[in-house]
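The values are calculated or read from the model by the stated rules, or taken from the named source; none is laboratory data. The model shown is predicted, which means the values in this text are computed figures rather than measured ones. Backbone-built Cβ (ideal geometry, glycine too); neighbour counts: all protein chains shown.
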Amino acid sequence: MTNAGLILRLIEEAAQASDWRSSCADSERLPIFNLWGPVMYLTPAGEVVIDHEEDRPTRLADPAERDFALVRAAEKYPELAHLQPPRPPAAATCNLCSGRGRITVSQGKILPWQDGRGFKLCLYCPECNSLGWTLAI
Ligand SMILES: [Zn+2]
């Protein structure tokens, strides 16, 4: 199945979803991530767009937003995992999140995300756009 065919099938499924996605359903775009208002969508052509921003028209995601959105898409829709940016051989594991893509804050310190017990504040890593790696420049 082509990416476009796959995305169109997922769009149909998302419209029936029991979570926030059904309220953001759109026949031409797949809801990926809800930023408490603005919504990131993936189009069948493979573009990431952001809509429902206050006073702004729909726009294309910038490169960092696109990386973030494609990692979220892979989490939400495992069939789309191949769209994630591939880790280049020269990439370094992100120092801030130790490759987890998420961080937490404990006693005023930023720590890599740990799976485990209890509620913890979970933040997406701003250093690597939650990819878990960065390119040394
Ligand atoms: Zn990171």
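Numbers for the structure displayed
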{"read-out": "Test: residue in the range 88-99 that is touching a helix residue (DSSP H, G or I) at 6+ places or on another chain (Cβ under 8 Å) and crowded, with 19+ Cβ neighbours inside 10 Å", "value": "no"}
{"read-out": "Odd one out for I103 among (1) assigned by TED's automatic domain parsing to the domain that holds R9; (2) within 15 Å of the ligand (Cβ to nearest atom)", "value": "(1)"}
